[in-house]
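One structure below.
The values are calculated or read from the model by the stated rules, or taken from the named source; none is laboratory data. Treat the numbers as computed from the prediction; the structure is a model and nothing was measured. Cβ coordinates were reconstructed from backbone atoms using ideal geometry, including for glycine residues, and neighbour counts include every protein chain displayed.
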Amino acid sequence: MELHIVIEGKKDLGGQLYRQLSDSIRSGRLADGQQLPPSRLLAEQLGLSRKTVSNVYTRLTQERLVLGQVGKGSFVSAPAEAKPRRQLAINLASAAIVAKWDSMHTPLRAPFPEERSRYEFVGGCVTPALFPIDEWRRCMLHGLRQDVKGSGMYRQAEGIAELRAAIAHHAAFARGVVCTANNVVVTNGAQQALDLLGRVLLEPGCVVAVEEPGYPAARMLFASQGARVVGIGIDQEGMLVEQIPQGTRLIYTTPAHQFPLGMQMSVARREALLARALAIGAIIIEDDYDSEFRYDGRPTDSLQSMDRHGVVAFVGSFSKVMLPELRLGYAVLPEAILNAALTVKHLNDWHTATASQHALAKFIADGYLSRHIRRCGATYATRRERLQTLFADVLSPWFELVPASAGFHLAALCKKPLDLDLLLRLARRADVGLHPLSNFYASTPPRAGLFLGYGGIETLDIEIALLRVRDILLQME
């Protein structure tokens, strides 16, 4: 890789080189400790004499901007005050659009490391120590070998055949999804699947029905695509279907484990939802984000398996059962929208990285995924039980848990008026990260309570954290 230096004409060659290197070091464009090319190599690249380059290096060394190490080379020695060049302000024609994005509240966005607490009840996080890293390493090496043996060309937008077949079998086995590999599209996480569906089905002004409370990232995504997002209330049986307005194009729901409250949609409500979608010509997105983890009660059929008319798009993710960093998800799409979605996927990013696709296909086929889910399920069950015990005991004067039989988060509703903002601030000072249910409401007054993710907190830490919360609540009274 060549150092970016531009030499113009035939005059002041050394001066041009000196000024560009000096400016690059002082501005921070060249990082402290970065090695510069040997003088002979840089001279050849720029068409200069080696003496000219050596003289510039000597001058920079004298100014302590470059440090020469015998036998190793010349290295940048950036001054402490080195700062990147600031851009001048402009009258941006798209300023209003940029301001819209800047103003968006993104409560589920990953915090900076320094903002995390020692005991963090954030949702969607997993425990990396549970992940079978040795098995995944073998699968990734397999994936890299498959890439090297490949054609060196871009691949199909829908994903490699082996992974789509493995996903179809997994979804059928775990959730009763009715599909073949031809209906599966591999995506960069479930969020990309939602984006693809929105791009296919929505135009500015179209109506999208979402659960209220619900998943903020879905609601905000559809709104960013120009949709008019309508919040639909929920009760103990799930989404209140009768509230879905005429003209709705897209319905977003989490029937297996409502996000964030946690109840399961009843069979009668599922049948009503399917009938409503068919009547108004809407597509339902069934976001099945974490229902692989089930603890009690009988599992119900997926909404997609009950669909007889092709109105359900089933969206799944491996972020919750493996690692969020892998960004692997999928959508099982009805025939009516499949080809359009593949066009959008192709234009969006051509395809998901194939090495990780090959690795995941092997990870599933060799049984690693199912064993990992069972192992995590046992761990999460223990954490869930610990949470339930503590909320039924030391925290019972203030909170009541919403019953939930799947996933790895719980919702706790306030039993009496509380200054939740104060509780959250004091808990953060005590190194306990709590998150309010209000983050998931958009169009109705929020119910006071907490959202408690337990995928990323160790079992033994739960009691320590919640006893601190108990002590704070006692001090607040």
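Check every one of the strands (runs of 3 or more DSSP E) wholly within the range 376-460 and list those with 2 or more residues that are free of Cβ contacts under 8 Å to residues at least 24 places away in the same chain. Working first, answer last.
On the way: elements: 399-401, 409-414, 449-453.
Filter on the range 376-460 gives 399-401.
Residues are listed down the side, and each one gets a yes or a no for (1) in a helix (DSSP H, G or I); (2) among the β-branched types (Val, Ile, Thr); (3) at pLDDT below 90:
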{"site": "Glu286", "(1), (2), (3)": "no, no, no"}
{"site": "Glu292", "(1), (2), (3)": "no, no, yes"}
{"site": "Pro299", "(1), (2), (3)": "no, no, yes"}
{"site": "Ser305", "(1), (2), (3)": "yes, no, no"}
{"site": "His309", "(1), (2), (3)": "no, no, no"}
{"site": "Ala313", "(1), (2), (3)": "no, no, no"}
{"site": "Met322", "(1), (2), (3)": "no, no, no"}
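Identify the single condition in (1) buried (at least 17 other Cβ atoms within 10 Å of the Cβ); (2) outside the structural domain of Gly297 (by TED's automatic domain parsing); (3) in a loop (DSSP other than H, G, I, E, B) that Thr352 does not satisfy, given that it satisfies every other one.
The failed condition is (2).
Given the residues Leu65, Leu36, Leu21, Leu30, which is the only one that is surrounded by 14 or more Cβ atoms within 10 Å (Cβ to Cβ), more than 40 Å from the chain's Cα centre (by Cα) and aliphatic (A, V, I, L, M)?
Numbers: Leu36 fails: more than 40 Å from the chain's Cα centre (by Cα); Leu21 fails: more than 40 Å from the chain's Cα centre (by Cα); Leu30 fails: more than 40 Å from the chain's Cα centre (by Cα).
Only one candidate passes the filter, namely Leu65.
Please enumerate the residues belonging to the range 222-266 that are closer than 24 Å to Gly453 by Cα, in a loop (DSSP other than H, G, I, E, B) and either of a type in the set (Ser, Thr, Tyr) or free of Cβ contacts under 8 Å to residues at least 40 places away in the same chain (or both).
The answer is Gln236, Glu237, Thr254, Met265, Ser266.
Within the range 207-221, which residues are over 16 Å from the mean Cα position of the chain (by Cα) and either part of a strand (DSSP E or B) or under 17 Å from Ser103 (Cβ atoms) (or both)?
If the condition is that a residue be over 16 Å from the mean Cα position of the chain (by Cα) and either part of a strand (DSSP E or B) or under 17 Å from Ser103 (Cβ atoms) (or both), then Val207, Val208, Ala209, Val210, Glu211, Glu212 are the ones that fit.
Do any helices (runs of 4 or more DSSP H) lying entirely in the range 7-109 carry at least 2 residues that are under 30 Å from Gly124 (Cβ atoms) and modelled with pLDDT under 90, and which ones are they?
Here the list reads 95-102.
Gly124: surrounded by fewer than 18 Cβ atoms within 10 Å (Cβ to Cβ) and either under 21 Å from Ile283 (Cβ atoms) or not charged (D, E, K, R) (or both), yes or no? Let's see the steps before the verdict.
On the way: surrounded by fewer than 18 Cβ atoms within 10 Å (Cβ to Cβ): no; either under 21 Å from Ile283 (Cβ atoms) or not charged (D, E, K, R) (or both): yes.
In short, no.
Cβ-Cβ distance below 8 Å, separation of 6 or more or different chains: which pairs start in the range 314-327 with a residue that is closer than 15 Å to Thr127 by Cβ and end on one that is part of a strand (DSSP E or B)?
Sorted first by the residue in the range 314-327, then by its partner, the pairs are Ser319/Gly329.
Taking Phe259 and the conditions (1) modelled with pLDDT under 95; (2) within 28 Å of the chain's Cα centre (by Cα); (3) of a type outside the set (A, V, I, L, M), which numbered condition does it fall short on, given that it satisfies the others?
Evaluating Phe259 over (1) modelled with pLDDT under 95; (2) within 28 Å of the chain's Cα centre (by Cα); (3) of a type outside the set (A, V, I, L, M) leaves (1) as the failure.
Looking at this structure, is Ala359 farther than 19 Å from Asn182 by Cα and in a helix (DSSP H, G or I)?
Numbers: farther than 19 Å from Asn182 by Cα: yes; in a helix (DSSP H, G or I): yes.
Yes: the conditions hold for Ala359.
Listed residues Val177, Val185; which is under 23 Å from Glu292 (Cα atoms), surrounded by 15 or more Cβ atoms within 10 Å (Cβ to Cβ) and within 20 Å of the chain's Cα centre (by Cα)? First the steps, then the outcome.
Values: Val177 fails: within 20 Å of the chain's Cα centre (by Cα).
It is Val185.
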